[in-house]
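Participant: So that we are looking at the same thing, I have put the structure below in structure tokens.
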Amino acid sequence: MTEETAAAPGSAAPGSAAPGSAAPGRIVLLTTSHRVAPGVLSWPAWQTLREADHVLCADAAHPQLPYLREAGVTVGHSAPTAAELVDACAGGRTVVVLPSGEGDQVLTDGLSRLAGSGRVQMPDLELLPGSYDLPGARLLDLVQVMDRIRAECPWSSTRTHEGLAKYAIEEAYELVEAIESGDRDELREELGDVLLQVVFHARIAEEEEDEPFSIDDVAGTIVEKLIHRHPHVFGDESAETPADVHAHWLRTKAAEKQRDSITDGVPLAQPALALAAKLTSRVAASPLDVPLPSGGSIGYELLALAARAEAEGIDPEASLRAAARAYRDAILAAEGQAR
């Protein structure tokens, strides 16, 4: 230990404080989140830092150090052993330790061994979070990981929006399958795969020479859209029922898009049943009265069925998939009986 962080004078060997001796002191492990800007600490953390007898940090490059020094907190660059740290607390002193990013496992293991030995009167041990992760904080990790993969992975570094488009479709279908299967672990994983597509495309977009944008721009756009389309939540309008919310959504969406046709924005490449249902829902939400076309092919019958399902609040795609799964199960059962 440096002179600044040396233990109180005494003749006892390190870690040899006798059981029952007075004022064993206090060791505070002050943890911080790398997802929160350095220097942004909780009030209990600042209080503890200012009142401590010693503040120690083994990592000279710890991101919090410049801010602590600016606040007048003296930090000693030291990596004491567990026994040395216990001795430094003798006489009721408080020692705050800022663990490195790896958590200083050697020190915490040493403290655990001393506490379990029964031969040493241990100081009070406290884990004090100096900063907390807010909801969504792990998204920062995802952005950081994606940035590195884009820079260093031979495959990922050459991908384009066009080359990744098929994966977005595949992942969306796998997400739907996970939802319909009811498997929670699979649902969590597939949501992550869909999220990856968003972050991947946004990372690629940063490199565009013309009109580049980032994941923050993507998030900012959807935040603005959600706030604007929920005036009953963020504004002065009211909505008592889901139907009221839907009406708000349609009005604000129509004002935003300024479409020439109610069919604008309906992707024709989507599955046929979903396409048919979407078109009929657009007509139903408009003042238009457009009868379904008639014809001799089964396609017109399917169109009528899709319109009927939409009118009854049924997703024809999901309904057909459920029926198809039931048929698959029947096939598997028949195969099992045939063996």
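The values are calculated or read from the model by the stated rules, or taken from the named source; none is laboratory data. Fair warning: this is a prediction, and the values are worked out from it, not measured in the lab. Counting neighbours? That spans all protein chains shown, and the Cβs are built from the backbone with ideal geometry, glycine included. Calculation scope for accessible area: heavy atoms of the full protein, side chains included, ligands and nucleic acids excluded. Shrake-Rupley method; radii C 1.70, N 1.55, O 1.52, S 1.80 Å.
Participant: When both residues are 6+ apart or on different chains and their Cβ atoms are under 8 Å apart, which pairs have a first residue that lies in the range 285-314 and is of a type in the set (S, T, N, Q), and a second that is open to solvent by 80 Å² or more (accessible area, probe 1.4 Å)?
Facilitator: Pairs found: 294/300.
Participant: Next question, about the same structure. Can you give me the number of residues within the range 208-249 that are within 24 Å of the chain's Cα centre (by Cα), open to solvent by less than 90 Å² (accessible area, probe 1.4 Å) and of a type in the set (Asp, Glu)?
Facilitator: So the answer is 1.
Participant: In the range 98-135, which residue that is open to solvent by 80 Å² or more (accessible area, probe 1.4 Å) and in contact with a Gly (Cβ under 9 Å, 6 or more places away or on another chain) is nearest to residue 47 (Cα to Cα)?
Facilitator: The selected residue is 124.
Participant: Determine whether residue 266 is open to solvent by less than 60 Å² (accessible area, probe 1.4 Å), on the phi < 0 side of the Ramachandran plot, of a type outside the set (Asp, Glu) and under 21 Å from the mean Cα position of the chain (by Cα).
Facilitator: For residue 266, the condition - open to solvent by less than 60 Å² (accessible area, probe 1.4 Å), on the phi < 0 side of the Ramachandran plot, of a type outside the set (Asp, Glu) and under 21 Å from the mean Cα position of the chain (by Cα) - is not met.
Participant: What are the pairs, 6+ residues apart or on separate chains, where a residue within the range 26-38 that is under 17 Å from residue 133 (Cβ atoms) has its Cβ under 7 Å from a residue that is open to solvent by 50 Å² or more (accessible area, probe 1.4 Å) and part of a loop (DSSP other than H, G, I, E, B)?
Facilitator: 33/132; 33/133; 34/101; 35/133; 38/63
Participant: Say whether the condition of being among the small types (Gly, Ala, Ser) and in a helix (DSSP H, G or I) is met by at least one residue in the range 153-162.
Facilitator: For the range 153-162, residues among the small types (Gly, Ala, Ser) and in a helix (DSSP H, G or I): present.
Participant: What residue, of 157, 181, is open to solvent by less than 60 Å² (accessible area, probe 1.4 Å), over 23 Å from the mean Cα position of the chain (by Cα), hydroxyl-bearing (Ser, Thr, Tyr) and over 25 Å from residue 101 (Cβ atoms)?
Facilitator: 157
Participant: Go through the range 150-192 and report how many residues are closer than 21 Å to residue 323 by Cα and among the aromatic types (Phe, Trp, Tyr).
Facilitator: Total satisfying the criteria: 1.
Participant: Now, a different point. Of all residues in the range 40-72, which are part of a loop (DSSP other than H, G, I, E, B) and more than 16 Å from residue 128 (Cβ to Cβ)?
Facilitator: Selection gives 58, 59, 60, 61, 63, 71, 72.
Participant: If I go through the range 291-333 residue by residue, how many of them are surrounded by 12 or more Cβ atoms within 10 Å (Cβ to Cβ) and either on the phi > 0 side of the Ramachandran plot or β-branched (Val, Ile, Thr) (or both)?
Facilitator: So the answer is 1.
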